[in-house]
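Just so it is clear, none of the values below were taken in a lab; they were calculated from the coordinates. Just so we're clear, the structure is a prediction, and the values are computed from it rather than from any experiment. Here the Cβ positions follow ideal geometry from the backbone for every residue, glycine too, while neighbour counts run over all protein chains shown.
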Amino acid sequence: MTDQEKEILQVVKTWNDCFARNDAAAYFTHIHEALTLFIPSSPYRIDGKQDDRDEFEWSLSKGRTQVHFFQELQPDVQVFENTAVVTYYTRGAYGPEGNEQLYFLKETNVLVKENGRWKIVHIHVSK
């Protein structure tokens, strides 16, 4: 793995650590304003950082998406100049305390480098 690939993977790992801690404030520091997002729980694409943050924080406040356990498995990084694609499998336990469910998912993150910093501009999570 190149130094650049390691750097990108570290950004994704740090971002996922924020997710695993249910830390919305830190989580969204890694997200680009022009975010697009596909997740299994929504029949629609989510457009923009603020729309994602609104739903993310609301779901956490209701306990619906509280993270109890999260792992990324077999990450792969591809770099194309100022764009990177990171794919991996995840397993995690989500939901209200005492009623969490275990999920095995696939995830793709697209990152762009602007002003010397990698930010996530697209997320696709599927079952």
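Cα axis of helix 49-62 to longest principal axis of the chain: angle in degrees, 0 to 90, nearest 10?
Around 30 degrees separate the two axes.
Compute the orientation-averaged projected area for the chain from the convex hull of its Cα atoms and round it to one decimal in nm².
The directionally averaged projection comes out at 7.4 nm².
Check which residues have an amide H placed less than 5 Å from Leu35's amide H, if you skip close sequence neighbours.
Amide H to amide H, under 5 Å and 5 or more residues apart or across chains, Leu35 pairs with Gly48, Lys49.
Taking the stretch 29-127, which chymotrypsin sites (Phe, Trp or Tyr not before Pro) meet the DSSP loop condition and have no more than 10 other C-beta atoms within 10 Å?
Sites meeting the loop and neighbour criteria: Tyr44.
Each label point is 7 Å from the Cα along the Cα-to-Cβ direction; what then is the distance between the points at Gln74 and Arg21, in nm?
2.9 nm
If you keep only loop residues by DSSP, which trypsin sites (Lys or Arg not before Pro) in the stretch 1-106 have at most 15 other Cβ atoms within 10 Å of their Cβ?
Arg21, Arg45, Arg64
Hey, got a sec? Which GluC sites (Glu not before Pro) in the stretch 34-127 land in a DSSP loop and have at most 13 other Cβ atoms within 10 Å?
The qualifying sites are Glu81, Glu97.
If Lys and Arg each add +1 and Asp and Glu each add -1, what is the summed charge of the other residues whose beta carbon sits under 13 Å from the beta carbon of Arg64?
Surrounding charge for Arg64 is -3.
Any idea how far apart Glu97 and Glu57 come out in nm if each label point goes 7 Å out from Cα toward Cβ?
Rounded to a tenth, the inter-label distance reads 2.2 nm.
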